[in-house]
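S.K.: Starting off with a structure, shown below.
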Amino acid sequence: MSDRLTQLQVCLDQLIEQFNATINYVNVNSVPALLDDGDPKSIINLASLAPAPQQPNQQQQQQQQQQQQQQQQQHQNQQQNQNQQENQPQAKSKSASQPPEEDPAKKEEEFENTLNELSTDLILKSRQINMLIDSLPGIGSTPEYQLNLISKLNKELQEVEQERIEKIKEKDELLKKVEGLIETLAVGISNNKI
């Protein structure tokens, strides 16, 4: 488990990613709307509805494509009129086999539901970040209190360090005694064999 600051950084990164995903979702899936509802002829709204500038070649290509599409539509309309007059039952079966278009009300409801879920996720992540911030030490205490606490902890640390040094000395003394006993025992065993 990581410390609180690392957890806080991870949560902030996740929150930024969630903001980015939410804005991207709204940008891609929302219905276009006027920027200034009060005046549909405002410069902002006119600019938002204006077509993107195109190069002269692109304009010529676009005009050619439109002409071709119009010609194709006229040709298809003529063929459809002839086919409808000849085969009315076949036309009904063709229209029945085409998939129905998505209902705008259903699409809007789905958009709202997803937007509510994304908003809830953002709120939960924000609360988690607030909880982590509240759990950080020193939040809500004065600088004087923090300095007193640091000096108190420093004194405790010095006392513990002194105890550690004493225990190391005691360990060294006991180690020398044990080495002496082992040496005495080894000399005694070797003298008995001789």
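S.K.: Could you give every pair whose Cβ atoms fall below 7 Å, whose first residue belongs to the range 5-18 and is under 16 Å from SER119 (Cβ atoms), and whose second residue is part of a helix (DSSP H, G or I), counting only separations of at least 6 or pairs across chains?
M.R.: From the range 5-18, the pairs are GLN14/LYS125; LEU15/LYS125; LEU15/SER126; LEU15/ILE129; GLN18/ASP121; GLN18/LEU122; GLN18/LYS125.
Yes/no per residue for (1) under 30 Å from CYS11 (Cβ atoms); (2) loosely packed, with under 10 Cβ neighbours inside 10 Å:
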{"residue": "ASP134", "(1), (2)": "yes, yes"}
{"residue": "TYR145", "(1), (2)": "yes, no"}
{"residue": "GLN162", "(1), (2)": "no, no"}
{"residue": "GLU170", "(1), (2)": "no, no"}
{"residue": "LEU174", "(1), (2)": "no, no"}
{"residue": "GLY180", "(1), (2)": "no, no"}
{"residue": "LEU185", "(1), (2)": "no, no"}
{"residue": "SER190", "(1), (2)": "no, yes"}
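S.K.: Related question: Just checking, does the range 139-151 include any residue being at pLDDT 95 or above, farther than 30 Å from ILE23 by Cα and not polar (S, T, N, Q)?
M.R.: no
S.K.: Can you confirm whether the range 162-172 contains a residue that is of a type in the set (A, V, I, L, M) and touching a residue at least 12 places away in the same chain (Cβ under 8 Å)?
M.R.: No, because not a single residue in the range 162-172 is of a type in the set (A, V, I, L, M) and touching a residue at least 12 places away in the same chain (Cβ under 8 Å).
S.K.: Just wondering, is there one or more residues in the range 173-194 that are outside any helix (DSSP H, G or I), outside the structural domain of THR22 (by TED's automatic domain parsing) and free of Cβ contacts under 8 Å to residues at least 12 places away in the same chain? Show your work before the answer.
M.R.: We begin by selecting, within the range 173-194, every residue outside any helix (DSSP H, G or I); these are 194.
With outside the structural domain of THR22 (by TED's automatic domain parsing) added as a condition, the list becomes 194.
Pick out the ones that are also free of Cβ contacts under 8 Å to residues at least 12 places away in the same chain and you get 194.
Yes, the range 173-194 has at least one match.
The values are calculated or read from the model by the stated rules, or taken from the named source; none is laboratory data. In this text the structure is predicted, and so the values were computed from the model without any measurement. Glycine gets a Cβ as well: all are built from the backbone with ideal geometry, and neighbour counts include every protein chain shown.
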